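Participant: Here you go, one structure.
The values are calculated or read from the model by the stated rules, or taken from the named source; none is laboratory data. Values in this document were obtained by computation on a predicted structure and should not be read as measured data. Every residue, glycine as well, gets a Cβ built from its backbone with ideal geometry; the counts of neighbours run over all protein chains shown. The accessibility values were calculated without ligands, DNA or RNA, using every heavy atom of the protein model including side chains. Shrake-Rupley method; radii C 1.70, N 1.55, O 1.52, S 1.80 Å.
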Amino acid sequence: MDKSIVAIPRETVVDWLLNKHYAERIPSITHSFGCFVDGVMQGVITYGIPPSPSLCMGVCGEQWKDNVYELNRLAMVDGHDKDLASYFVANSMKLMPKPSIIVSYADTSMGHVGYVYQATNFIYTGLSAQRNEWREIGKNTHSKSVVEMYSLEERQSNPDRFEHVERPQKHRYIYFLGSKKEVKQLNKDLNYEVQPYPKGESKKYKNDKEVAQQMTFIVAEN
């Protein structure tokens, strides 16, 4: 079985994220990669700038804020090899700029624990803060976008269109990329408490939609 991790264009991942990821929404994307097995794409992974500036500042301090990326989407075909997801995560990070701080979340509302991050030696730093967020009823718009698009007065005066609800907490995982010296310094600068990995049953969401954009990757022979 020949496995390859390849950088792919942003437009290539859109169909996958809308049809193979439960969020069904396109996040900020600065880097995107495809996982190919015997030349056929089995999944996509994307990294982007976190929507929260306070997170970028807070992980390891202001001096590292421009080095923070969020692993914000991982979508795989059903029935993929058991260890393929962790292989994909680990090897896609090798293609990211260095030094980098990679942050990713496992959504508790979806029954996710984050075992793929545990298998790739991410640092676990507990649950995200419990907060409320604005949502546009009947739409899948990110809460940050709702706040930017509509004034507080408009949101508060239209309860039939907007709701202020409790945001589900998420398991927060962090990984440092760089030289030994840089990783050592990043660990020293980490502002979150390192905690033991959480355990529990990890639930799978329905993922049987077809993707129209089925790429193949041909490895050129020398």
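Participant: May I ask you to verify whether Tyr47 is touching a Leu at 6+ places or on another chain (Cβ under 7 Å) and either in a strand (DSSP E or B) or at pLDDT below 90 (or both)? Give the derivation first.
Facilitator: Working: touching a Leu at 6+ places or on another chain (Cβ under 7 Å): yes; either in a strand (DSSP E or B) or at pLDDT below 90 (or both): yes.
Against the criterion (touching a Leu at 6+ places or on another chain (Cβ under 7 Å) and either in a strand (DSSP E or B) or at pLDDT below 90 (or both)), Tyr47 qualifies.
Participant: Of everything in segment 1-11, what is at pLDDT 85 or above and surrounded by fewer than 16 Cβ atoms within 10 Å (Cβ to Cβ)? Give them in sequence order.
Facilitator: Of all residues in segment 1-11, those at pLDDT 85 or above come to 2-10.
Result: Asp2, Lys3, Ser4, Val6, Ala7, Pro9, Arg10.
Participant: Please enumerate the residues belonging to segment 149-194 that are hydrophobic (A, V, I, L, M, F, W, C), assigned to a strand (DSSP E or B) and under 24 Å from the mean Cα position of the chain (by Cα). Don't jump to the end; show me each part of the working.
Facilitator: In the first step, residues of segment 149-194 are kept if they are hydrophobic (A, V, I, L, M, F, W, C); the result is 149, 152, 162, 165, 174, 176-177, 183, 186, 190, 194.
Remaining after also requiring assigned to a strand (DSSP E or B): 162, 165, 174, 176-177.
Val165, Ile174, Phe176, Leu177 - these are the residues of segment 149-194 that are hydrophobic (A, V, I, L, M, F, W, C), assigned to a strand (DSSP E or B) and under 24 Å from the mean Cα position of the chain (by Cα).
Participant: Okay, next question. Check whether at least one residue in segment 68-75 is in contact with a His (Cβ under 8 Å, 6 or more places away or on another chain), modelled with pLDDT of 95 or more and open to solvent by 40 Å² or more (accessible area, probe 1.4 Å), and report yes or no.
Facilitator: Checked segment 68-75: no residue is in contact with a His (Cβ under 8 Å, 6 or more places away or on another chain), modelled with pLDDT of 95 or more and open to solvent by 40 Å² or more (accessible area, probe 1.4 Å).
Participant: For segment 25-48, what are the residues that are surrounded by fewer than 22 Cβ atoms within 10 Å (Cβ to Cβ), within 15 Å of Tyr105 (Cβ to Cβ) and of a type outside the set (Ser, Thr, Tyr)?
Facilitator: Of everything in segment 25-48, those that are surrounded by fewer than 22 Cβ atoms within 10 Å (Cβ to Cβ), within 15 Å of Tyr105 (Cβ to Cβ) and of a type outside the set (Ser, Thr, Tyr) turn out to be Arg25, Pro27, Gly48.
Participant: In addition: Does Ala85 satisfy the condition of being part of a helix (DSSP H, G or I) and either within 18 Å of Met41 (Cβ to Cβ) or modelled with pLDDT under 95 (or both)? Break it down stepwise before answering.
Facilitator: Values: part of a helix (DSSP H, G or I): yes; either within 18 Å of Met41 (Cβ to Cβ) or modelled with pLDDT under 95 (or both): yes.
When the stated conditions are applied, Ala85 passes them.
Participant: Kindly establish whether Tyr87 is over 18 Å from Lys170 (Cβ atoms) and touching a strand residue (DSSP E or B) at 6+ places or on another chain (Cβ under 9 Å).
Facilitator: yes
Participant: Additional query: Please identify the pairs in which a residue from segment 176-201 that is at negative phi has its Cβ atom under 6 Å from the Cβ atom of a residue that is open to solvent by 80 Å² or more (accessible area, probe 1.4 Å) and in a loop (DSSP other than H, G, I, E, B), counting only partners at least 6 apart or on another chain.
Facilitator: Close Cβ pairs satisfying both conditions: Leu177/Lys98.
Participant: Also: When you look at Asp107, is it over 20 Å from Ala7 (Cα atoms) and surrounded by fewer than 18 Cβ atoms within 10 Å (Cβ to Cβ), yes or no?
Facilitator: Judged against the criteria, Asp107 is a match.
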